[in-house]
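Here's the structure, in structure tokens; my notes come after.
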Amino acid sequence: MALHAVVTGANRGIGLEVARGLLARGWQVTAVVRSDETGQAVTRALGAVRVVTGPLDELSQVRRVGATLLEGPPISALVHNAGVWPSARVLTVDGLEQAFAVNHLAPFLLNHLLGAHLANARVVQVSAGLAVKGRVDLERTPRGDDFSALRTYATTKLCNLALTNRWVSSFAAKGSSYAAVHPGVIRTGLGDRRGPLGWLLRLAKRGWKSPEEGGANVVKVVAAEGERGCWFDEARPAPLPSAAADPMLADALWRQAASLCAIAAP
Ligand SMILES: NC(=O)c1ccc[n+]([C@@H]2O[C@H](COP(=O)([O-])OP(=O)(O)OC[C@H]3O[C@@H](n4cnc5c(N)ncnc54)[C@H](OP(=O)(O)O)[C@@H]3O)[C@@H](O)[C@H]2O)c1
């Protein structure tokens, strides 16, 4: 039976190329996308892939996505790729800042919902080198009370990356492996916005690497090519950045995420 990968945010950008790259290697792919409309875009781009829809900024929808995934084929790889760089503070239906919900809580909850059902699987988090620029404020970050159009993305990516060592241990105990990867600085729609900053960003992006290059870096980590490790900088193993290796921060974020997701902290 073909290996089966679940890829979130597979309808465009890096996620689409991860899905395409895995399909080219003979994997079966389930694309997790926000809506039926984006699901149709994936099918048009990739052909026969299984599509599971649900916005990842709503905890109840993440739970529904997790339950639907468990009804599908056994998962060999889970790729948390969906991400958002918000230009304004937007609160979700759960009252959380949207990037905190999508970049940090959705992967956390999916790992909990699916983790016990994975066997000998590979879990890969598409992270960002910019995580080291994050400043986590445990009180204010979840609801975006410290919102910054420039820093919130990095902060929510740091929240997520700070849990790397916890996930490595947790998945190892279940016979699976976990790694985070910076895909490169890639020309996608991430962070697109109006105004002078948006114009400057679009100009800068012209010199950035292609989505295909970003996707290929992630695919290498999914396929566990190269040396073992838990942090990959464009597919090269590297030491986990010190900002993300603080066990006290990890512990606090883990307990907070479990509480926000209303699950028992293991
Ligand atoms: N591009 C870079 O230079 C770069 C660098 C470092 C890390 N990364 C990381 O790479 C990953 C992919 O980013 P990208 O550059 O490919 O960005 P992108 O082109 O903007 O794609 C983002 C993906 O995430 C999905 N997504 C966002 N919010 C969602 C939500 N609430 N519910 C469901 N899906 C949602 C989007 O779906 P919709 O189409 O429905 O919005 C889209 O599929 C992200 O985790 C990002 O942080 C990117």
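The values are calculated or read from the model by the stated rules, or taken from the named source; none is laboratory data. Predicted model, so just to flag it, every value in this text is computed and none were measured. Counting neighbours? That spans all protein chains shown, and the Cβs are built from the backbone with ideal geometry, glycine included.
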I need the full set of residues from segment 235-266 which are modelled with pLDDT of 95 or more and closer than 13 Å to Val124 by Cα, in order please. none
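Condition check ((1) in a helix (DSSP H, G or I); (2) of a type in the set (Gly, Ala, Ser)) across all residues:
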site	(1), (2)
Leu118	no, no
Val123	no, no
Phe147	no, no
Tyr153	yes, no
Asn160	yes, no
Ala172	yes, yes
Hey, can you tell me all the residues within segment 221-259 that are more than 18 Å from the chain's Cα centre (by Cα) and in a helix (DSSP H, G or I)? Ser242, Ala243, Pro247, Met248, Leu249, Asp251, Ala252, Arg255, Gln256, Ser259
Take the conditions touching an Asp or Glu at 6+ places or on another chain (Cβ under 7 Å) and among the charged types (D, E, K, R) and apply them to Asp36. Does it pass? no
Just checking, which of Gly144, Gly129 is closer than 23 Å to Ser60 by Cα and small (Gly, Ala, Ser)? Gly144
For segment 125-138, state whether one or more residues are farther than 23 Å from Ala216 by Cβ, touching a helix residue (DSSP H, G or I) at 6+ places or on another chain (Cβ under 6 Å) and outside any loop (DSSP other than H, G, I, E, B). yes
Which ones in segment 95-116 are away from the ligand (no atom under 12 Å from the Cβ) and in a loop (DSSP other than H, G, I, E, B)? Gly95, Ala116
Hey, among the residues in segment 188-214 that are among the small types (Gly, Ala, Ser) and either more than 22 Å from the chain's Cα centre (by Cα) or at positive phi (or both), which one's farthest from the ligand (Cβ to nearest atom)? Gly195
Among all residue pairs at least 6 apart or on different chains, which show Cβ distances below 9 Å where the first residue, located in segment 8-31, is within 25 Å of Trp208 (Cα to Cα) and small (Gly, Ala, Ser) and the second is surrounded by 24 or more Cβ atoms within 10 Å (Cβ to Cβ) and modelled with pLDDT under 95? none
Inspect all residues belonging to segment 160-182 and state whether any of them is more than 24 Å from Arg122 (Cβ to Cβ) and either in contact with a strand residue (DSSP E or B) (Cβ under 8 Å, 6 or more places away or on another chain) or in contact (Cβ under 8 Å) with a residue 60 or more places away in the chain (or both). no
State which residue is farthest from the ligand (Cβ to nearest atom) when the search covers only segment 21-36 and only residues that are touching a His at 6+ places or on another chain (Cβ under 8 Å) and closer than 13 Å to Val219 by Cα. Trp27
Lone unmet requirement of (1) assigned to a helix (DSSP H, G or I); (2) in contact with a Ser or Thr (Cβ under 7 Å, 6 or more places away or on another chain); (3) within 8 Å of the ligand (Cβ to nearest atom); (4) of a type outside the set (Ser, Thr, Tyr) for Gly39: (3)
Could you tell me whether segment 150-158 includes any residue that is polar (S, T, N, Q), out of contact with any strand residue (DSSP E or B) (no Cβ under 8 Å at 6 or more places or on another chain), modelled with pLDDT of 95 or more and closer than 22 Å to Gly13 by Cα? yes
Is it the case, given these coordinates, that Val90 is hydrophobic (A, V, I, L, M, F, W, C) and within 8 Å of the ligand (Cβ to nearest atom)? no
